[in-house]
Amino acid sequence: MKKSFTFLLTFICITVTVFVFGQQQWKLIYEGKEDNAVLKIYTRELPGSIYKEFKGVSYADIPFDVALKVIQDYTNYHKWYGMCDALYAITVRNPQDLDMYFVLDLPVVKDRDVVVKVESGWDENKGTAWVTMTSINASEYKKDSGYVRMTSLKGRWDIIKKDENHVEVIYQVHPELGGSLPAWIVNISAKDQPLKTLKGVYKYSKKIIDKND
């Protein structure tokens, strides 16, 4: 009985250790500002993947209702999404559940494309909103486009109301870009794509504010 308990305790400790340390800690690779928005970009290694997961976080002087309008308006995502050559809906089941086609504009090498299932939701009373993106690997849409099809993409947006005039925006993505890419292009993508996206959200939100003034 004592040996069984010792074995079980050892197994639990090993499992917890693998779970905790298998996920690498986030590393801050950029910190800056866009007008009054504080921007931070993080990356981390993921076991079994040569591509880093990245996370962009901004604290911005944008009211929650304006940020909510930005993520609700999927027809205009292409206007602010970073390193984007194309981004549009191809199947709309409802405004909160749709499939979108995305082309990632990369320097020097072939651009990448992917079809993603996009789902969203929000709670205006709590001041929270979210969007998830998951690649649809079985999609045949534009498979002959000439681009390299991403083998996988998983991402998430979270918008959190901090007060009446500020939100925190968290943008987290792990792409499997497919093909063979130089390390410097992978590193540029891991920094520039989330940075340009967060800046794009901020600038587009300011346009909405200015238009309503």
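Points worth noting:
- Members of region 125-141 that are at pLDDT 95 or above and in contact with a strand residue (DSSP E or B) (Cβ under 9 Å, 6 or more places away or on another chain): Lys126, Gly127, Thr128, Ala129, Trp130, Val131, Thr132, Met133, Thr134, Ser135, Ile136, Tyr141
To keep it simple, each residue is scored yes or no on (1) aromatic (Phe, Trp, Tyr); (2) surrounded by fewer than 18 Cβ atoms within 10 Å (Cβ to Cβ); (3) touching a residue at least 40 places away in the same chain (Cβ under 8 Å); (4) more than 17 Å from Tyr88 (Cα to Cα).
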{"site": "Glu119", "(1), (2), (3), (4)": "no, yes, no, no"}
{"site": "Glu124", "(1), (2), (3), (4)": "no, yes, yes, yes"}
{"site": "Trp130", "(1), (2), (3), (4)": "yes, yes, no, yes"}
{"site": "Thr134", "(1), (2), (3), (4)": "no, yes, no, no"}
{"site": "Ala138", "(1), (2), (3), (4)": "no, yes, no, yes"}
{"site": "Asp144", "(1), (2), (3), (4)": "no, yes, no, yes"}
{"site": "Tyr147", "(1), (2), (3), (4)": "yes, no, yes, no"}
{"site": "Thr151", "(1), (2), (3), (4)": "no, yes, no, yes"}
{"site": "Asp158", "(1), (2), (3), (4)": "no, yes, no, yes"}
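- The single condition from (1) modelled with pLDDT under 95; (2) under 15 Å from the mean Cα position of the chain (by Cα) that Leu181 fails is (2).
- For region 55-88, taking the residues that are among the β-branched types (Val, Ile, Thr) and modelled with pLDDT of 95 or more, the one that is farthest from Asp210 (Cα to Cα) is identified as Val57.
One line per residue, one yes/no per condition, for (1) farther than 16 Å from Gly200 by Cβ; (2) of a type in the set (Val, Ile, Thr):
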residue: Thr75; (1), (2): no, yes
residue: Cys84; (1), (2): no, no
residue: Asn94; (1), (2): yes, no
residue: Leu98; (1), (2): yes, no
residue: Pro107; (1), (2): yes, no
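- Of all residues in region 41-54, those satisfying the criterion of being surrounded by 19 or more Cβ atoms within 10 Å (Cβ to Cβ) and modelled with pLDDT of 95 or more are Ile41, Tyr42, Thr43, Glu53, Phe54.
- Among residues of region 21-33 that are more than 19 Å from Ser189 (Cβ to Cβ), those with a Cβ under 8 angstrom from a residue that is surrounded by 11 or more Cβ atoms within 10 Å (Cβ to Cβ) and at pLDDT 95 or above, sequence gap 6+ or separate chain, pair up as Gln23/Arg44; Gln25/Arg44; Lys33/Leu39.
The values are calculated or read from the model by the stated rules, or taken from the named source; none is laboratory data. Everything numeric here is computed off the predicted structure, so don't read it as measured data. Quick reminder, even Gly has a Cβ in these numbers, built from the backbone with ideal geometry, and neighbours come from all protein chains shown.
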